[in-house]
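The values are calculated or read from the model by the stated rules, or taken from the named source; none is laboratory data. Note that this is a predicted model, so its numbers are computed, not measured. As a convention, Cβ positions derive from the backbone with ideal geometry for all residues, glycine included, and neighbour counts pool all protein chains shown. For accessibility, only protein heavy atoms count, side chains too; no ligands or nucleic acids. Shrake-Rupley method; radii C 1.70, N 1.55, O 1.52, S 1.80 Å.
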Amino acid sequence: MKNGIEIRWHGRGGQGAKTAALLLADVAFKTGQNVQGFPEYGPERMGAPITAYNRISSDVIRVHSNIYDPDFVALLHTVDVTAGLKKEGAIIVNTAKSKEEIMPQLNGYEGRVVTIDARTISEEALGKYFPNSPMLAAVVATTGVMPKETFLHEMRASYKHKFAKKPEVIDGNMKALEMAFAAVEEA
């Protein structure tokens with residue numbers, strides 16, 4: 001796909017991989033991009049492995065399949081995800097470990113590896129372990145798919161819609177996004 005990026009998300013049911021992919025698609029669409037955001041399920045139950053995908057491009061997207069050769073991969077839990085990953089892309093891993101500590105698990109992957117402790121960020125910002133907001137911000141910060149300010153503005157609007165009946169969670173989610181951006185920028 002020219003003039004665009006493809007992202008593959010890996011998580012477990014209930015961690016928010018699908019939600020993060022759909023939120024990213026929504027926000028990118030609001031900035032004028034052509035987008036796709038969709039999940040792939042196995043058994044639909046809490047804790048089951050899930051894969052979700054994003055395509056974001058300034059051009060019309062004519063491909064309608066899973067993503068087999070992603071530019072970026074986001075992990076909400078550790079699995080072997082290097083298959084097909086482009087060397088020019090990156091792996092974004094939810095872990096408290098350093099890049100050096102997880103490299104042996106990545107099958108010799110030679111591209112960029114970004115680690116982010118989404119657990120600590122979400123527990124500090126939200127009081128619970130919801131890694132999707134920090135991981136979403138880490139993906140946007142790593143890919144550069146849109147400017148930080150645009151992303152944060154559009155995410156606040158998305159959260160206001162998504163959490164219309166629970167507005168008390170908006171500020172915590174926004175804090176998690178900003179903390180994750182700062183963590184990736186420091187790395």
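Being modelled with pLDDT under 90 and open to solvent by 10 Å² or more (accessible area, probe 1.4 Å) narrows it down to one of Leu85, Leu23, so name that one.
Testing whether each residue is modelled with pLDDT under 90 and open to solvent by 10 Å² or more (accessible area, probe 1.4 Å) leaves just Leu85.
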Would segment 35-52 turn up any residue that is closer than 17 Å to Met135 by Cα, crowded, with 20+ Cβ neighbours inside 10 Å and among the hydroxyl-bearing types (Ser, Thr, Tyr)?
yes
Considering only segment 123-139, I want to know if a residue exists there that is of a type in the set (Val, Ile, Thr), in a helix (DSSP H, G or I) and under 14 Å from the mean Cα position of the chain (by Cα).
yes
Residue check: is Arg55 assigned to a helix (DSSP H, G or I) and either among the polar types (S, T, N, Q) or more than 18 Å from Ile170 (Cβ to Cβ) (or both)?
no
Show the residue pairs meeting these rules: Cβ distance below 9 Å; 6+ apart or different chains; first residue within segment 146-170 and closer than 17 Å to Leu136 by Cα; second residue open to solvent by 80 Å² or more (accessible area, probe 1.4 Å) and at pLDDT 95 or above.
Lys148/Glu178; Thr150/Lys30; Leu152/Glu178; Glu154/Lys30; Ala157/Lys30; Ser158/Lys30; Ile170/Arg156; Ile170/Lys160
If you scan segment 143-160, which residues turn out to be outside any loop (DSSP other than H, G, I, E, B), open to solvent by 10 Å² or more (accessible area, probe 1.4 Å) and under 21 Å from Asn54 (Cα atoms)?
Thr143, Lys148, Glu149, Thr150, Leu152, His153, Glu154, Arg156, Ala157
